[in-house]
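Since the structure comes first, as structure tokens, the remarks are kept for the end.
The values are calculated or read from the model by the stated rules, or taken from the named source; none is laboratory data. Since the structure is predicted, the reported quantities are computational estimates derived from the model, not experimental observations. Using ideal geometry, Cβ is built from the backbone for each residue, glycine included, and neighbour counts are taken over all protein chains shown. For the accessible areas, the whole protein counts, side chains as well, though only heavy atoms, and no ligand, DNA or RNA atoms are used. Shrake-Rupley method; radii C 1.70, N 1.55, O 1.52, S 1.80 Å.
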Amino acid sequence: MTSNRVFNFSAGPATLPLPVLEQAQKELLCYPGAGASVMEISHRSDAFKGILEEAKSNIKTLLGISDEYAVLFTPGGATMQFSMLAMNFLKGATADYINTGSWAKKAMQAAARCGTARSAWSGQEEKFNRTPQPEEPELSPEAAYVHFTSNETIEGIQYATEPDAKGKPLFCDSSSDFLCRPIDISKYALLYAGAQKNIGPSGTAVVVLRKDMLEQVPDGLHPLLDYKVMEENDSLYNTPATFTIYIISLVSRWLLKEIGGLEKMHVINKHKAKMLYEVIDASGGFYRGHAQPACRSIMNVTFRVGTEEQEKAFLSQAKAAGLDGLKGHRSVGGCRASIYNAMPVDGVMTLRDFMLEFQRTNG
Ligand SMILES: *Cc1c(COP(=O)(O)O)cnc(C)c1O
């Protein structure tokens, strides 16, 4: 069965580490000690509490998170966080959004229902091909927080370092580059990620929240949209996505034990991305990258191929060669290779060789 698995370059839900899937398969009918599968046991059982604890503690270890922060698992993916964070922290006031692309814009539009979501900088006129220089965003002195999107999944651009929030709480949508490299978490008041890009299956977001922020949460929010309720109940106010959290525990264990942490993951990720960008840069314009080189994402490599016809042929021949999911997002077209943590180096080498051969025969 595994021999039919393609190299899956889809942006999300995305490829998962094979050892994780194999482990889950082994434990699918009976989670050790539980007498049933993870899907069939109480979320208040000791077995599941162990899984939840491990998922949290692995993420804390990987990111070097202190007890000043809570790690939460919330329903509704990253999109729900767009609204939830605004309900908890915007509350009719003003916040600054750095508009780097499709996802930043969606976050800003959702927040606008709860107050003034200002665009402090926009890359729209440049077709979202870069992130801003540190001094470019024009922040408002009244802003309740500054929101940015560390990696724009659709355009394929990524910040080299965090923007300067000038002392305001820094909020980050890190859905498509969560745990791809070490970060200084103390710079963040809130960081969230939809699970299905880099840490597990879809439907859940991982939220890292500095606990002092909880003092600002207003009374009377709906319980599942209230960070205080989620924190006080250790993400167990209602039945969470237990199987998703179980897979998150396995992926984070794989990152910690098999990869050896985020420094090592970052080295591998940079190496994978470099292989593809080198082909693009050496192609004499046959492959054309979307992102400005300094802002290139190491997670989503976006590019165009030759003519429209050649691009179509590229995608269909790639698929036939077991390289799937390379079509760009419907809103921008072109091609996109999503090379998250779980994409093996082998997969990227195969794609690189395919690109070289395709140009040799079509260029
Ligand atoms: C995929 C993605 C989202 C949306 O995630 P959902 O879990 O589908 O809500 C938000 N932000 C970024 C950066 C993404 O890549």
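A few notes on this one:
- For the stretch 199-237, residues that are touching a residue at least 40 places away in the same chain (Cβ under 8 Å), over 21 Å from Glu54 (Cβ atoms) and outside any helix (DSSP H, G or I) total 5.
- Condition met for Met87 (outside the structural domain of Val332 (by TED's automatic domain parsing), open to solvent by 70 Å² or more (accessible area, probe 1.4 Å), more than 18 Å from the chain's Cα centre (by Cα) and of a type in the set (A, V, I, L, M)): no
- Lone qualifier among Glu142, Glu135, Glu162 - being in a loop (DSSP other than H, G, I, E, B), at pLDDT below 95 and surrounded by fewer than 23 Cβ atoms within 10 Å (Cβ to Cβ): Glu135
- The stretch 303-331 - residue that is hydroxyl-bearing (Ser, Thr, Tyr) and free of Cβ contacts under 8 Å to residues at least 24 places away in the same chain and, of those, nearest to Phe128 (Cα to Cα): Thr307
- Boolean, Met343 is buried (at least 18 other Cβ atoms within 10 Å of the Cβ), part of a loop (DSSP other than H, G, I, E, B), assigned by TED's automatic domain parsing to the domain that holds Val267 and in contact with a helix residue (DSSP H, G or I) (Cβ under 9 Å, 6 or more places away or on another chain): yes
- Scan of the stretch 228-261 for residues that are of a type in the set (Phe, Trp, Tyr) and open to solvent by 10 Å² or more (accessible area, probe 1.4 Å), ordered by number: Tyr237, Phe243, Trp254
- Only a single criterion out of (1) on the phi < 0 side of the Ramachandran plot; (2) within 12 Å of the ligand (Cβ to nearest atom); (3) among the small types (Gly, Ala, Ser) is not satisfied by Ala143, namely (2).
- Subset of the stretch 186-216 (residues that are away from the ligand (no atom under 16 Å from the Cβ) and either small (Gly, Ala, Ser) or open to solvent by less than 10 Å² (accessible area, probe 1.4 Å) (or both)): Ser186, Ala189, Leu209, Met213
- Only one of Leu18, Leu52, Leu62 that is farther than 23 Å from Tyr227 by Cα and at pLDDT 95 or above: Leu18
- Residue check, Ala120 under 20 Å from Phe89 (Cα atoms), open to solvent by 30 Å² or more (accessible area, probe 1.4 Å) and more than 10 Å from the ligand (Cβ to nearest atom): no
- Residues in the stretch 74-116 that are assigned to a loop (DSSP other than H, G, I, E, B) and among the small types (Gly, Ala, Ser): Gly76, Gly92, Ala93, Gly101, Ala112, Gly115.
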